[in-house]
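Below: one structure, written as structure tokens.
The values are calculated or read from the model by the stated rules, or taken from the named source; none is laboratory data. This is a predicted model, so every value here is computed, not measured. Neighbour counts run over all protein chains shown; Cβ positions are idealised from the backbone, glycine included.
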Amino acid sequence: MSDVRDVIIIGSGPAGLTAAIYTARANLAPLLIEGEPSSTSDQPGGQLMLTTEVENFPGFPDGIMGPELMANMRAQAQRFGTEILTEKVTSVDFSERPFRVSVRDTEYRAHSVIVSTGAQSLMLGLEPERRLIGHGLSTCATCDGFFFRGHEIAVVGGGDSAIEEATFLTKFADKVTIVHRRDELRASKIMQDRAFANPKIEFRWNAHVTDIFGDTSVSGIELTDTTDGSVSTLAVTGLFIAIGHRPNTDLFVDKLAMNPETGYLITQDNSSYTDVEGVFACGDVQDDVYRQAITAAGSGCMAAIDAERWLEANVHH
Ligand code: NAP
């Protein structure tokens, strides 16, 4: 059983990297499987890789860029001996111990597993989205804002993400129209006020995006009014979708208990315990309430301590 590790961590956002820092410092020699850089939705480092300025992570009074914060956490995890694999987990077997975590043909075994696979952006479900993503359509202002210098663009959504993205995009775009399906925003008051005060931001209330135009690149959108059903078009060459998130739990269907509607993993109150003993979950994959970097990091710490104590009681005694 010498190839059986104490702990494998799946996912490398603030939750996974904090779990890595703590388990590494507890001499558990964690293996962290961080994901593949190919994707814009579940890339290593998680959602903060798609964020600009983070102003609310304690310890950074002047703010810090999301990708820089994640690079710091990763370096901190490595400093204490975390082994990092830049691959995507393809399957897991939690039916017996040691647990098995596979990356294509390679199988890794561990006494405990910490799941921190996070969440990703929701899409509108329109046919052209697939074709136009990366061609004027984006879910990440940080990644793609630069390409929209001088453009007129639209952002869909009324939450903090939509307002944050729209505000950021005004650095590049001539005009940003926020399209929201209701007549009031969900975003926090301070972010609303910033957007209302920004002369480059306009609002289109009570509207759904019902079509996206353009063969090779976005050339406009169709809007349908939610109050009277009237249809109009808006000529934009960029469209950013910021309507919320979905947890990355496809790997765990029928393997871990999850909310049947939302897919978020279920953890026991005040702990990171899943319904499988020895498997712990932390961060956005099990949190649809707070969804903050700092709460994800906090729950990563909880998972590390839970795993450490569980290993002590069940494996190393
Ligand atoms: P969110 O708060 O769930 O907001 C999603 C928005 O998209 C809502 O306004 C919703 O409309 C709209 N929406 C949902 N599905 C839609 C659809 N199919 N078509 C059109 N519109 C749709 O998501 P979020 O903005 O991504 O924020 C998630 C969490 O992260 C929140 O807790 C937020 O506070 C936090 N966050 C914080 C910051 C920050 O503090 N810097 C930045 C980003 C996010 P309704 O309002 O009508 O439901």
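Observations on the structure shown:
- Residue in the stretch 76-93 that is touching a Leu at 6+ places or on another chain (Cβ under 8 Å), under 30 Å from Asp160 (Cα atoms) and touching a residue at least 24 places away in the same chain (Cβ under 8 Å) present: yes
- Scanning the stretch 109-130 finds one or more residues that are modelled with pLDDT under 95, among the aliphatic types (A, V, I, L, M) and either crowded, with 23+ Cβ neighbours inside 10 Å or touching a helix residue (DSSP H, G or I) at 6+ places or on another chain (Cβ under 9 Å) (or both).
- Residues of the stretch 162-190 that turn out to be β-branched (Val, Ile, Thr) and more than 11 Å from the ligand (Cβ to nearest atom), as a count: 3
- Scan of the stretch 140-184 for residues that are farther than 16 Å from Ile243 by Cβ and hydroxyl-bearing (Ser, Thr, Tyr), ordered by number: Thr142, Thr167, Thr170
- Filter result (modelled with pLDDT under 95 and of a type in the set (Ser, Thr, Tyr)) within the stretch 155-180: Ser161
- The residue list Gly244, Gly238, Gly300, Gly278 contains one member that is within 16 Å of the ligand (Cβ to nearest atom) and not polar (S, T, N, Q), which is Gly244.
- Selection within the stretch 191-204 - outside any loop (DSSP other than H, G, I, E, B) and either charged (D, E, K, R) or more than 8 Å from the ligand (Cβ to nearest atom) (or both): Gln192, Asp193, Arg194, Ala195, Phe196, Ala197, Ile201, Glu202, Phe203, Arg204
- Among the candidates Val89, Val54, residue that is within 17 Å of the chain's Cα centre (by Cα), of a type in the set (Val, Ile, Thr) and within 16 Å of the ligand (Cβ to nearest atom): Val54
- Among the residues making up the stretch 140-159, those that are surrounded by 23 or more Cβ atoms within 10 Å (Cβ to Cβ) and either under 24 Å from Lys189 (Cβ atoms) or under 21 Å from the mean Cα position of the chain (by Cα) (or both) are Ala141, Ala154, Val155, Val156, Gly157, Gly158.
- Unmet requirement for Ser2, which otherwise passes all of (1) within 30 Å of Arg130 (Cβ to Cβ); (2) at pLDDT below 95: (1)
Condition check ((1) more than 22 Å from Met123 (Cα to Cα); (2) of a type outside the set (Ser, Thr, Tyr); (3) touching an Asp or Glu at 6+ places or on another chain (Cβ under 8 Å)) across all residues:
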{"residue": "Thr167", "(1), (2), (3)": "no, no, no"}
{"residue": "Lys171", "(1), (2), (3)": "yes, yes, no"}
{"residue": "Phe196", "(1), (2), (3)": "yes, yes, no"}
{"residue": "Ala207", "(1), (2), (3)": "no, yes, yes"}
{"residue": "Thr210", "(1), (2), (3)": "no, no, yes"}
{"residue": "Gly220", "(1), (2), (3)": "no, yes, no"}
{"residue": "Leu223", "(1), (2), (3)": "no, yes, no"}
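- Residue that is surrounded by the most Cβ atoms within 10 Å (Cβ to Cβ) [pool: residues in the stretch 2-20 that are part of a strand (DSSP E or B) and in contact with a Leu (Cβ under 6 Å, 6 or more places away or on another chain)]: Ile9
- Number of positions in the stretch 128-153 that are within 12 Å of the ligand (Cβ to nearest atom) and more than 18 Å from Gly46 (Cβ to Cβ): 1
- Matching residues, the stretch 69-79, being of a type outside the set (A, V, I, L, M, F, W, C) and surrounded by 14 or more Cβ atoms within 10 Å (Cβ to Cβ): Arg74, Gln76, Gln78
- Among residues of the stretch 200-218, those that are in contact (Cβ under 8 Å) with a residue 40 or more places away in the chain and small (Gly, Ala, Ser), counted: 2
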